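Participant: Here you go, one structure.
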Amino acid sequence: METISIANLRGSQSAIPITELDTLSSRLRGTLIRAEDISFDEARRLWNGMFDKRPAVILRCTGVADVIDAVRFARERNLLVAIRGGAHNVAGLASYDGGFVIDLSQMRAVHVDPNSRTVRVEAGAQLGDIDRETQAFGLVVPTGVVSETGIAGLTLNGGVGWLRRKWGMTCDNLVSVELVTAEGQWIKASKTEHSDLFWALRGGGGNFGVVTNFEFELQPLGPEVMFCFVMYPDHKDILQKFSQFAQNEPEEVGMLSFTGTVPADESFPEVWWYKPFFVVAACYAGSAEDGERVLQPLREWGTPIIDFSDRMPYTEVQKFLDADYPKGRHYYWKSVYLKEFTDETIDTLLTLNRQAPSHHSTIDIWTMGGAMNRVSSDESPLSPRETPFMIGIEANWDEAKENDHNIAWVRDCVEGLAPFAAPGIYLNFPGFMEDADQLVKTAYGNNFQRLVKVKQQYDPDNFFRLNQNINPQAV
Ligand SMILES: Cc1cc2nc3c(=O)[nH]c(=O)nc-3n(C[C@H](O)[C@H](O)[C@H](O)COP(=O)(O)OP(=O)(O)OC[C@H]3O[C@@H](n4cnc5c(N)ncnc54)[C@H](O)[C@@H]3O)c2cc1C
């Protein structure tokens, strides 16, 4: 009997008869892809070029029935399962060498109900899919800042974007979540159904099942908004002005500022190429007119290298940074929360930026607060959220021979920022999940034990473990 070797939950391999896979395949509306199939190489590719994983099977689902069959098939045979949404997980968790991948990337439908101001989103959708449909009604879900990112991974671990201070994290806007459990059962979680599970899904990661649908509340915005994007030289006084503004900024202002190196690109004056910069970027979550007035001071902190600020469609704001993150580049990202942003912090950031081995790399400063702070521990495991700043350290580079150098730079940055750090870590920027158990405990703090209880209830055998894993045995 011909068999295929697939990684199992015991840490070894199971020989699965091909006839069983054929039977599974014949039931699907989607496609079962294996190494010999022509689409295998395209289907297995992850966004982060650091990973070149070759799963045994990729099951491309087109609906809930496929997901149920996929989970039951893997569960009955104790196979190790990875879940793939937008494949943008920086730690490459959407796949596994020799594993069984449940791939939702073809499930991208988005249905807006303008009357109830809600939207139902299939779990393989990318952020741009949601923006396209919701903006047709002048409505929006607050998501992340790059339109090709998957909604599933982003939401399940929080989700921060331009609108976070006005309307919270992406997970704060959830109304309900539909998922297939480790037992292969479809259930719906909301504030009134499986409410403990719903709480856990608002930040607890892909630990509890394969999500097939998210339902989000919608907010009114756009289609035109004011977007600020000013690139300054990396002068300390400009970061000081940034810091002062950040202390008192209105909730409508969602700033994402970053240090980096001016690209050798015709869009920028040649005299500045390869010199360090500080970008002040912000989207105003209100009328474009108000945004223009409120964001104007950010454009007057010095003589800019270039100022791309303008009124523009919200859908364009959401794509503004896309080109900076091509598929296949090498990426390693970590995060540090900051308790304060002092002159010493500024000196440290500027020095660390100048030490970056790659000119594609940035150190990002996310101002937190606003609506994000009004979410209690009863509502989301990602609470409390008192820290005023989050730093995202992004090493982005092209050549594999530069891997060690770039990874070391990120780790040096984390160490350099340690004196200013607040407790916690943001699991959407998790490095490669080194020291995963400790990382997860640090991320959830006092909510960790409650997450363990929910995991024990819905996935006591840790069937879903290729994620920011909450081990049901953890104490
Ligand atoms: C270019 C880029 C920009 C980013 N910008 C932001 C940003 O602005 N804000 C922010 O908060 N984060 C941002 N991120 C981080 C991003 O949120 C995470 O990388 C996230 O994991 C991506 O989700 P995905 O669906 O594409 O992940 P995938 O790689 O497809 O999946 C990652 C993990 O998510 C879980 N998962 C995925 N789908 C499901 C499902 N259907 N059911 C259950 N679990 C599932 C699984 O655990 C899986 O291992 C960005 C990442 C990139 C690469």
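The values are calculated or read from the model by the stated rules, or taken from the named source; none is laboratory data. Bear in mind that the values here come from a model prediction, so they are computed numbers and not experimental data. Positions of Cβ are generated from backbone atoms using ideal geometry, with glycine treated the same way; all protein chains shown enter the neighbour counts. Ligands, DNA and RNA are stripped out before the accessible areas are found, and what is left, the full protein with its side chains, is counted by its heavy atoms. Shrake-Rupley method; radii C 1.70, N 1.55, O 1.52, S 1.80 Å.
Participant: Looking at this model, which pairs from LYS241/LYS327; LYS334/LYS401; LYS191/LYS441; LYS241/LYS319; LYS327/LYS401 are more than 23 angstrom apart at the alpha-carbon?
Facilitator: Listed pairs above 23 Å: LYS241/LYS327; LYS191/LYS441; LYS241/LYS319.
Participant: Hand me the chymotrypsin sites (Phe, Trp or Tyr not before Pro) from the stretch 235-278 located in a DSSP loop with no more than 12 other Cβ atoms within 10 Å, in residue order please. Working shown, then result.
Facilitator: On the way: sites: PHE242, PHE245, PHE258, TRP272, TRP273, TYR274, PHE277, PHE278; in loops: TRP273, TYR274.
Here the sparse-neighbourhood loop sites are TYR274.
Participant: Another question, if that's okay. Near GLY128, within a Cβ-to-Cβ distance under 9 Å, what is the net charge of the other residues, with Lys and Arg +1 and Asp and Glu -1?
Facilitator: Working: positive: ARG132, LYS319; negative: ASP129, ASP131, GLU148, ASP322.
Once all neighbours under 9 Å are counted, the net charge is -2.
Participant: For the stretch 1-139, what does the equivalent ellipsoid look like in terms of its semi-axes, each the square root of 5 times an eigenvalue of the Cα gyration tensor, given largest first in whole Å?
Facilitator: Numbers: eigenvalues 190, 57, 30 Å².
Rounded to whole Å, the semi-axes are 31, 17, 12.
Participant: Using modelled backbone amide H atoms (1.01 Å from N, in-plane), which distant-in-sequence or interchain residues come within less than 5 Å of ARG329's amide H?
Facilitator: GLY49
Participant: Take the chain, drop everything but the C-alpha atoms, weight them equally and run the Debye formula without solvent; then report log10 I(q)/I(0) at 0.09, 0.10, 0.11 Å⁻¹ to two decimals.
Facilitator: -0.59, -0.73, -0.89
Participant: Pull up all non-local amide H partners of THR212: gap of 5 or more, or a different chain, and H-to-H distance under 5 Å with H placed in the peptide plane.
Facilitator: It is GLU178, LEU179, VAL180, by chain and number.
Participant: What is the sum of charges, Lys and Arg at +1 and Asp and Glu at -1, for the other residues whose Cβ falls under 14 Å from the Cβ of MET390? Mind dumping the intermediate values first?
Facilitator: Values: positive: ARG164, ARG165, LYS334, LYS339, ARG385; negative: GLU340, ASP364, GLU386, GLU394.
With Lys, Arg at +1 and Asp, Glu at -1, the net is +1.
Participant: Can you work out the accessible area per residue across the stretch 224-422, with the rest of the protein chains kept in place, probe 1.4 Å, in square angstrom?
Facilitator: Numbers: 8290 Å² over 199 residues.
About 42 Å² of surface per residue is accessible.
Participant: If each residue of separation counts as 0.36 nm, what is the full-extension length gain between ARG132 and GLN185 once their alpha-carbon separation is subtracted? Don't skip to the end; give the middle numbers.
Facilitator: Numbers: separation 53, 0.36 × 53 = 19.08 nm, distance 3.16 nm.
Once the chain is fully extended between ARG132 and GLN185, it gains 15.9 nm.
Participant: Note down the nm distance, to one decimal, between modelled labels 7 Å out along Cα→Cβ at PHE308 and at ARG29.
Facilitator: Taking the simple label geometry, PHE308 and ARG29 are separated by 3.9 nm.
Participant: A further question on this structure: Need the full-extension length gain, ARG10 to ASP412, defined as separation in residues times 0.36 nm minus the C-alpha distance. One decimal, nm. Numbers along the way, then the final one.
Facilitator: Values: separation 402, 0.36 × 402 = 144.72 nm, distance 3.59 nm.
Stretched fully, the ARG10-ASP412 segment lengthens by 141.1 nm.
Participant: Related question: For LYS236 and ASN471, compute 0.36 nm times the residue count separating them, minus their Cα-Cα distance, and round to one decimal in nm. Intermediate values should be presented prior to the final figure.
Facilitator: Working: separation 235, 0.36 × 235 = 84.60 nm, distance 4.43 nm.
Extending this stretch completely gives an extra 80.2 nm.
Participant: For the stretch 365-379, what does the Karplus curve 6.51 cos²θ - 1.76 cosθ + 1.60, with θ = phi - 60°, yield as ³J(HN,Hα) per residue in whole Hz, taken in order and with x for Gly and Pro?
Facilitator: Per-residue couplings from phi come out as 10, 9, 7, 9, x, x, 4, 4, 7, 8, 9, 8, 5, 6, 9 Hz.
Participant: What do you get for Rg/Rh over the stretch 224-422 if you use C-alpha atoms and the Kirkwood form of Rh? Numbers along the way, then the final one.
Facilitator: Details: Rg = 16.8 Å, Rh = 17.6 Å.
Ratio of gyration radius to Kirkwood radius: 0.96.
Participant: Given the -39500 (n - 2.57) contribution per DSSP H run of 4+ residues, what per-residue ellipticity at 222 nm results for the chain, rounded to the nearest 500 deg cm²/dmol? Display every interim value, and only then the final one.
Facilitator: Working: 14 runs with 126 residues, N = 475.
It comes out at -7500 deg cm²/dmol, rounded to the nearest 500.
Participant: Along the stretch 415-431, what does the Karplus equation 6.51 cos²θ - 1.76 cosθ + 1.60 (θ = phi - 60°) give for ³J(HN,Hα), rounded to whole Hz, x for Gly and Pro?
Facilitator: Values per residue, Gly and Pro as x: 5, x, 8, 3, x, 9, 7, 9, x, x, 7, 9, 6, 7, 10, x, x Hz.
Participant: Using the Cα centre of the chain as the reference point, and only Cβ charges (+1 on K/R, -1 on D/E), how large is the resulting charge dipole? Debye, rounded to the nearest 20. Walk me through the intermediate numbers first.
Facilitator: On the way: 44 positive and 64 negative charges, 234 e Å.
Here the chain has a charge dipole of around 1120 debye.
Participant: Counting Lys and Arg as +1 and Asp and Glu as -1, what is the net charge of the other residues whose Cβ lies under 14 Å from the Cβ of PHE429?
Facilitator: On the way: positive: LYS334, ARG411; negative: ASP364, GLU394, GLU434.
Taking every Cβ under 14 Å from that of PHE429, the sum is -1.
Participant: Here is a further query. Among GLY153, VAL225, SER26, whose Cα sits farthest toward the positive end of the charge dipole of the chain (+1 at Cβ of Lys/Arg, -1 at Cβ of Asp/Glu, about the Cα centre)?
Facilitator: My answer, from the dipole projection, is SER26.
Participant: Related question: Cα to Cα, under 24 Å, and not fewer than 8 places away if on the same chain: which lysines meet these conditions relative to LYS188?
Facilitator: Cα-Cα hits under 24 Å: LYS453, LYS455.
Participant: Please list 394-405, 313-324, 356-367 highest first by mean number of surrounding beta-carbon atoms within 10 Å per residue. Mind showing how you got there, number by number?
Facilitator: Working: 394-405: 15.8, 313-324: 17.5, 356-367: 21.8.
Those peptides, ordered most packed to least, come out 356-367, 313-324, 394-405.
Participant: Quick check: at a probe of 1.4 Å, how many percent of the accessible area of the stretch 224-422 sits on carbon and sulfur atoms? Spell out each step's value before the answer.
Facilitator: Working: 3900 of 8290 Å².
The value for the stretch 224-422 is 47 percent carbon and sulfur by accessible area.
Participant: Something else about it: Averaged per residue, what accessible area in Å² does the stretch 3-103 show with a 1.4 Å probe, protein chains only?
Facilitator: On the way: 4100 Å² over 101 residues.
Each residue of the stretch 3-103 exposes 41 Å² on average to a 1.4 Å probe.
Participant: Just to verify a number: what accessible area does LEU239 come out at with the full protein assembly present, 1.4 Å probe, Å² rounded to tens?
Facilitator: LEU239 has an accessible surface of roughly 0 Å² with all protein chains in place.
Participant: Using θ = phi - 60° and the Karplus form 6.51 cos²θ - 1.76 cosθ + 1.60, what ³J(HN,Hα) does each residue of the stretch 147-163 get, whole Hz, x for Gly and Pro?
Facilitator: Along the stretch 147-163, the couplings run 5, 8, 5, x, 5, 5, x, 4, 5, 5, 10, x, x, 10, x, 4, 9 Hz.
Participant: Report in % the part of the accessible area of the stretch 3-103 that belongs to carbon and sulfur, leaving out ligands and nucleic acids; probe 1.4 Å. Before the final figure, lay out the partial values.
Facilitator: Numbers: 1930 of 4100 Å².
Result for the stretch 3-103: 47 percent of the exposed heavy-atom area is carbon or sulfur.
Participant: Can you list residues whose amide H is under 5 Å from PHE389's amide H, if they're 5+ apart or on another chain and H is modeled 1.01 Å from N?
Facilitator: Those qualifying (amide H under 5 Å, at least 5 residues apart or on another chain) are LEU338, MET368.
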